[in-house]
Structure formats: structure tokens, C-alpha cells
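What follows is a set of notes on a single structure, which appears directly below.
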Amino acid sequence: MYLTEYEQEMLDGKYGAAQAMALKVLVAVGECFGAKRLLEVSRVHVASSNQEADVWFAEKLLKLGGRCLVAPTVNPGFNVSYLSQHLSISKEDAELTERAHRAYRDLGAILTLSCTPYLEANVPRFGEILSYSETSVTIYVNSVIGARTNRESVQSSLCAAITGRVPEYGFLLDENRKGSVLVQVEADLKSDFDYQLLGSCTQKIGPGVPVFVGLPQNLSQEALINLGTQLNTTGSYAMFHIPGVTPEAPTLEAAFGGREPERVVTITDEDLQEIHRKISRPPGKIDFAMFGCPHLTFSQVQEVAQLVKGKKLAVEMWLLTSSLNKELARRTGMLEVIEEAGGHIVEDTCIDQPCWSHLKGKVGVTDSPKCAYYASMRGMNFVIRDLAACVEAALKGEVS
Ligand code: F3S
């Protein structure tokens, strides 16, 4: 791989052991993927986690004197101070979370602790070169914004933050960003939730870069988030196009870069119904409701507040969102409305965390198949419905 003089000096340790180690990782990744050179990276988001191995890696860079050249935003762990007041949190879990936060803070990260950095705090422009990790984030910034990132890992994105470099391969290159699968949507998508189901049809869509036709042109931000999140959660997709909606697809021809699609796939109402049946538990009694995987947008928090206003929830209800949205909910009175109903708005927190151990073996309701997927590994089971139906279920204690 070609390295500039500055990059070679960095690799040789002139700027410290942490930068040398981080660049060595990136050069190795680049060589695996046939990258010819490194590019400067302008933004980084690290799906930092409080898992032991990830904390070890961050602390190792710190001990070697590491400091981020590009300050990254970071993913949520769990909000120790808030959740300790309501749940039983083990000392070990709290300590590991605090260790992770300390390490990232000392490396120079911006502790946004949110998994929607593309909505606030780390919003890229079209064409910017990024190193973003996190399932829902990478596909959104590539597809909806037209910025460029590969599906980075916690470690590779942290190395990019330390060095300010990223190997040029994959979705940083024009030729890999073109559509390859034409997806004709014949299903009638009525709500943002239906885009969760469309994004879950990955077995039928198959590998490649899907180009969706037959969708409305006025898609909501939430529908675009849902579609991308599910594509990348169930199928490891880095990018999609919707002609007339996403910026690299002004037309169908542009979406495919003038090439013919490798496959043509049709998604019908039956496909959506079938996938819904497959990923959701059947209706019945529920013990809790969980929303915000990825973190709820402000308008979703608003929707929940309107639905519970003046009512009492029959089960626990957790709304995960960014610290900005929680503060806005406080200022607009929605936090009070939700808390009076018996619900919680929690910032800085992810569903895939040990703080939820009291929900193990219980049945919840959620509008997020991603939440159901990750939480199932922690012993939770979910009925999956749209947001309004979930809130109705939380008010009644069952999904009818
Ligand atoms: Fe966010 Fe955690 Fe879900 S990082 S997208 S709440 S798995």
C-alpha cells in the first residue's frame, strides 16, 4: 500500500506508539481488502461498547499515549446513575461501563452516547470520508446522506480516530456504491413501521446494493432509518438507493450507474406479513415495552407522549433516546407526561446491555425488530408491532 511520508513516519512511531499501533491495524485491514492507499477521514463514530475486549483495546491505546486526531462520537452503554435508581445494577457492570467512558473520554472522544449521531452532533455532508461503526449508522450515512464509510468495527473506527486515516476500499470507492439488485415494492407500505418489515426481507433481496422502486417520494426520516437499520441488522448491507429520494440516485439509471441489475426481486404484502409472523411472538400478555433501538427521534418521543397523556401504563415502559431529546422532552413537558403515565425516558442507554437483566425470560412489546433480535440474546422475547399499537399494549398489559 502506498503511504505518504507523514503516514510512513506515523507507522514508524515518530508520533508515538498509539498512532503507530493504530495505523498498523488500518494498513493490515487495507491490505486484506486490496486498498492502494489511505485517505484522510473527517468524521468518526465509534460503536464503543463496555464489553471487556473493547474496553481493553481502548485502554491499551490510552496507555500507549493515544489521543484522537479526529474526535469521535460514541455509542450508548447504559446510564448508570439513572438506572441505578430504578433497577438493580451489579457493581461489576457499573464499573466496566464507567471504565469504558473514562477511557474514551481520555482518548478525546465526544461522549454523545447515542446511536443516532447522524441526526445530531456528528452529521456528515454529502461525499465526506468517514469511519463509522454501528449497524444503523453506517447504512444511513451512506444511503441517505451520501457520505462514505465502510461497515467499520469498534476497533477500526477507533484506529481511524487516532490516526485521522482510513484505508480506501469498499464503499469509499464509486464503483462499489452503485445498485446491483432491483427491488420492486408492490406491498402497500402504510406506516414507518412497514419499512422495518421491508428491511427485514433480506433473504429474498439477497446480497448486493438494493435499489427500491415503488416507494413514495416523501418518506419520513424514521422510515429511512427503519429500512436501513433492518437491512444492515438482518443482512449486513452497507447501502441502498431509492431513486428520487437518496442523493446518489437522482434517477433509476444513476442508481445502477448505467449497468443492468444483477437480479430483480418483487416484495409483496404477503412477504411483509410472512416476515412479521416470523420475527414476532404471537399476541398475548406482555410484561414491558421497549422503544429506541436505534434511539428514538424527537418526533417519536412526541408520539408516545401524545398516546399516554393522562393515562396509566399497565407495564414498565422504557424509551431510549439521545440526551438532547431527553432534554427537549423535559423542556416541552413531554417528560413529565411520560413519567406521570409511569414510563421512563432514558438517555445514553442501549437495549443490548446487562442493565436489563431483570427482563430476562419476560415478554415485551417493541416496534423494533433490531431490539427484539439483540435482546433475544439476553433472554427477552418480543411481540413486534407499530409504535401506536405497542403503546396501546403497554396501557393494557397485552397485545390483542
Ligand atoms: Fe442503539 Fe443499542 Fe439498538 S446501540 S441501535 S440501542 S442495539
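Pairs of Cα atoms under 8 Å, at least six residues apart: use those to get the relative contact order of the range 5-174, whole percent. Normalised by residue count, the contact order of the range 5-174 is 34 percent. Here I286 sits with roughly 10 square angstrom of accessible surface, probe radius 1.4 Å. Computed on protein heavy atoms with a 1.4 Å probe, the accessible areas place Y374, Y237 in the order Y374, Y237, largest first. Here's how it looks for M380: its modeled amide H is under 5 Å from those of G361, which are all 5 or more places away or on a different chain. Per-residue Karplus couplings for the range 304-316, computed as 6.51 cos²θ - 1.76 cosθ + 1.60 with θ equal to phi - 60°, are listed in order as 5, 4, 5, 6, 9, 3, x, 10, 10, 6, 8, 9, 4 Hz, Gly and Pro entered as x.
If you sort the three axes of the alpha carbon gyration tensor as a ≥ b ≥ c, you get a/c of 1.5 or more for the chain and a/b no higher than b/c, which makes it oblate. When all protein chains stay in place and ligands, DNA and RNA are ignored, the 1.4 Å accessible-area order of E339, E168, E92, E260, largest first, is E260, E92, E339, E168. When you count the other C-beta atoms within 10 angstrom of each residue and take the mean per peptide, 4-17, 61-74, 140-153 line up highest first as 140-153, 61-74, 4-17.
Roughly to the nearest percent, how much of the accessible area of the chain is carbon and sulfur, given a 1.4 Å probe?
So the carbon and sulfur contribution to the accessible surface is 50 percent.
Rounded to the nearest whole Hz, the Karplus-based 3J(HN,Hα) values (6.51 cos²θ - 1.76 cosθ + 1.60, θ = phi - 60°) of the range 166-174 follow the sequence 8, x, 8, 7, x, 7, 8, 9, 3, with x at glycine and proline. Measuring only protein heavy atoms, the 1.4 Å probe finds W56 accessible over about 150 Å². Give the separation of the Cα centroids, the range 289-357 to the range 164-226, in Å. The range 289-357 and the range 164-226 have Cα centres spaced 28 Å from each other. Taking the chain as a whole, the Cys residues whose C-beta sits 4.7 Å or farther from every other Cys C-beta are C32, C68, C115, C159, C201, C350, C355, C390.
Given a 1.4 angstrom probe, what's the average accessible area per residue across the chain, in square angstrom?
Using a 1.4 Å probe on heavy atoms only, each residue of the chain averages 41 Å².
Near the amide H of R263, within less than 5 Å, lie the amide hydrogens of L182, all on another chain or at least 5 residues away, with H placed in the peptide plane. When only Cα pairs below 8 angstrom with a gap of at least 6 residues are kept, the chain shows a relative contact order of 16 percent. Given the C-alpha centroids of the range 89-123 and the range 1-79, what is the distance between them in whole angstrom? If you average the Cα positions of each part, the centres end up 17 Å apart. For the range 191-197, backbone phi angles converted through the Karplus equation (6.51, -1.76, 1.60; θ = phi - 60°) give residue-by-residue couplings of 9, 4, 4, 4, 6, 5, 5 Hz, Gly and Pro being listed as x. Working note: 222 nm ellipticity from helices only, DSSP H runs with n ≥ 4, each -39,500 (n - 2.57), summed and divided by the residues of the chain, gives -12000 deg cm²/dmol to the nearest 500. Largest accessible area first, the residues H86, H241 order themselves as H86, H241 under a 1.4 Å probe with ligands, DNA and RNA left out.
The values are calculated or read from the model by the stated rules, or taken from the named source; none is laboratory data. Quick caveat: nothing in here was measured; it's all calculated off a predicted structure. Positions of Cβ are generated from backbone atoms using ideal geometry, with glycine treated the same way; all protein chains shown enter the neighbour counts. Just so you know, the surface numbers come from the protein's heavy atoms only, side chains and all, with ligands and any DNA or RNA stripped out. Shrake-Rupley method; radii C 1.70, N 1.55, O 1.52, S 1.80 Å.
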